[in-house]
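> Take this structure first; my questions come after.
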Amino acid sequence: MVKDISCFTLTPVRAAAQWSLYRSISRGLLPFLGMMLMGGCHPRDEQANGTLHLLMQTGFEEPSGWVSQMKPLLTTEKAHSGKYSLRVDEKHPSAVIYQKALGALCAHRPRQFRLSAWVWVPGLSNEVALQVSVYNPGNTQPVLNEPLYTTDARIFGKWYHVSQEYNLPNNTTSQSQFVISVIGEETTAPVYVDDLQLKERW
């Protein structure tokens, strides 16, 4: 189980507010950011984009290392594999589910992370995001705060795979906290998440 940290307290309400603001801004800037990324790739991208290494994976059968806020979301109603998955609904719309210091997560400083999961979404109006955030020691504002949306693929009523890569800011340290949250403030029906996987690229 991940220990609580003293440098900040990340609540679902704060995470949801940050996600709502980011969501409206990021989608408006998406075409512009795509043009920027096409013209400014990392030098190591020329080397087959580096190598992906597995950091953690879980089907929530043995949620070691996951924070206590995740427990109310565990369900056996649906599962992509095994018995358990996370259920995000109106009663439990958001939670911090994973938190770890970068130095404990990886042996060296990666340049990118890739988060992936299997999700089951009933419809377009039931949007849930897997939010990746990084907090430097002593700061309550994240240096990285980006969502992985579960409705962008427009696939509903069955399990499907989603993934996204995140560039790690240069100003992080081994004590920076890596946080994964689920945020579903707008969902009106249950959304299920299973088989999370986190990889690093260096």
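The values are calculated or read from the model by the stated rules, or taken from the named source; none is laboratory data. Worth saying up front: this structure is predicted, and the values here are computed from it rather than measured. Quick reminder, even Gly has a Cβ in these numbers, built from the backbone with ideal geometry, and neighbours come from all protein chains shown.
> Would you point out the residue of the stretch 173-202, among those that are touching a helix residue (DSSP H, G or I) at 6+ places or on another chain (Cβ under 9 Å) and acidic (D, E), that is farthest from L102 (Cα to Cα)?
Out of the qualifying residues, it is E186.
> If S81 meets every condition in (1) crowded, with 18+ Cβ neighbours inside 10 Å; (2) of a type outside the set (D, E); (3) over 21 Å from Y166 (Cα atoms) apart from one, which number is that one?
Condition not satisfied by S81: (1).
> How many residues does the stretch 94-123 contain that are over 20 Å from H53 (Cβ atoms) and part of a loop (DSSP other than H, G, I, E, B)? Write out each step before concluding.
Start the filter on the stretch 94-123 by keeping residues that are over 20 Å from H53 (Cβ atoms), which leaves 94-97, 99, 118-123.
With the extra rule that they be part of a loop (DSSP other than H, G, I, E, B), the set shrinks to 121-123.
The qualifying residues number 3.
> Tell me whether the stretch 33-47 contains one or more residues that are of a type outside the set (A, V, I, L, M), in contact with a strand residue (DSSP E or B) (Cβ under 6 Å, 6 or more places away or on another chain), at pLDDT below 80 and not in a loop (DSSP other than H, G, I, E, B).
No; the residues of the stretch 33-47 include none that is of a type outside the set (A, V, I, L, M), in contact with a strand residue (DSSP E or B) (Cβ under 6 Å, 6 or more places away or on another chain), at pLDDT below 80 and not in a loop (DSSP other than H, G, I, E, B).
> Test each condition in (1) buried (at least 17 other Cβ atoms within 10 Å of the Cβ); (2) among the small types (G, A, S); (3) free of Cβ contacts under 8 Å to residues at least 40 places away in the same chain for A107 and report the one that comes out false.
All conditions pass for A107, except number (1).
> Name the residue, out of S68, S81, S64, that is at pLDDT below 90, polar (S, T, N, Q) and in contact with a strand residue (DSSP E or B) (Cβ under 9 Å, 6 or more places away or on another chain).
Answer to the check: S64.
> Right, something else. Look through the stretch 178-193, keep the residues that are of a type outside the set (A, V, I, L, M, F, W, C) and crowded, with 23+ Cβ neighbours inside 10 Å, and return whichever of them is nearest to P147 (Cα to Cα).
It comes out as S181.
> Still on this model: Give the residues of the stretch 79-93 that are under 9 Å from V193 (Cα atoms) and not in a strand (DSSP E or B), sorted by residue number.
Of the residues in the stretch 79-93, the ones under 9 Å from V193 (Cα atoms) are 79-80, 85-88.
The answer is A79, H80.
> Oh, and also: Might you let me know whether the stretch 149-160 holds any residue that is crowded, with 17+ Cβ neighbours inside 10 Å and within 17 Å of M56 (Cβ to Cβ)?
So far as the stretch 149-160 goes, no, none of its residues is crowded, with 17+ Cβ neighbours inside 10 Å and within 17 Å of M56 (Cβ to Cβ).
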